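J.: Sharing a structure here in structure tokens format.
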């Protein structure tokens with residue numbers, strides 16, 4: 001959070017820091033590196049809404065009881081659902097493939 005003394009807050013900016021390619025998360029042994037803040041630092045001086053940045057009116061945050069937890073409105077949908085019949089067919093196809101592979105493994109083990 002960053003605050004200034006230029007007057008009452010009208011909008012609150014959010015910036016969603018994207019993970020680098022190939023990373024699922026940050027850990028104690030693989031923490032965020034300063035260089036990874038470069039896009040955010042470049043954005044800060046000329047703030048505009050984009051895929052990683054958005055602003056929320058302060059009045060909306062006050063109306064929500066000052067809860068700052070906001071999802072990126074441009075974020076990707078978490079899950080796409082298949083129709084039930086299509087999902088069942090996909091599962092059955094994968095189960096048959098698994099059974100075929102397990103049969104091959106059993107044959108290999110029997111030969112050992």
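Computed from the coordinates by the stated procedures, all read-outs in this text should not be read as laboratory data. These numbers were taken from a predicted model, which means no experiment stands behind them. Here Cβ is always computed from backbone atoms with ideal geometry, including for glycine, and neighbour counts include all displayed protein chains.
J.: Among the residues of the stretch 35-49 satisfying the criterion of being surrounded by 12 or more Cβ atoms within 10 Å (Cβ to Cβ) and not in a helix (DSSP H, G or I), which is farthest from the chain's Cα centre (by Cα)?
T.: Step by step, filter the stretch 35-49, then rank; the result is 47.
J.: Give 5, 23 a once-over and let me know the one that is farther than 19 Å from residue 72 by Cα, part of a loop (DSSP other than H, G, I, E, B) and under 19 Å from the mean Cα position of the chain (by Cα). Give the steps one after another, and end with the answer.
T.: Working: 5 fails: under 19 Å from the mean Cα position of the chain (by Cα).
That would be 23, the only listed residue that is farther than 19 Å from residue 72 by Cα, part of a loop (DSSP other than H, G, I, E, B) and under 19 Å from the mean Cα position of the chain (by Cα).
J.: Return yes or no: is residue 67 loosely packed, with under 11 Cβ neighbours inside 10 Å and part of a loop (DSSP other than H, G, I, E, B)? Lay out the reasoning, then the answer.
T.: Details: loosely packed, with under 11 Cβ neighbours inside 10 Å: yes; part of a loop (DSSP other than H, G, I, E, B): yes.
Yes, satisfied.
J.: Kindly provide the set of residues from the stretch 72-109 that are surrounded by fewer than 10 Cβ atoms within 10 Å (Cβ to Cβ) and either assigned to a loop (DSSP other than H, G, I, E, B) or touching a strand residue (DSSP E or B) at 6+ places or on another chain (Cβ under 9 Å) (or both), ordered by number.
T.: Hits for the stretch 72-109 are 73, 76, 77, 78, 79, 80, 81, 83.
J.: Now, a different point. Please go through the stretch 8-20 and pick out each residue that is within 20 Å of the chain's Cα centre (by Cα), in a loop (DSSP other than H, G, I, E, B) and either touching a residue at least 12 places away in the same chain (Cβ under 8 Å) or exposed (fewer than 10 other Cβ atoms within 10 Å of the Cβ) (or both).
T.: Of the residues in the stretch 8-20, the ones within 20 Å of the chain's Cα centre (by Cα) are 13-20.
Retained after the next criterion (residues that are in a loop (DSSP other than H, G, I, E, B)): 16-20.
Answer for the stretch 8-20, where residues must be within 20 Å of the chain's Cα centre (by Cα), in a loop (DSSP other than H, G, I, E, B) and either touching a residue at least 12 places away in the same chain (Cβ under 8 Å) or exposed (fewer than 10 other Cβ atoms within 10 Å of the Cβ) (or both): 16, 17, 18, 20.
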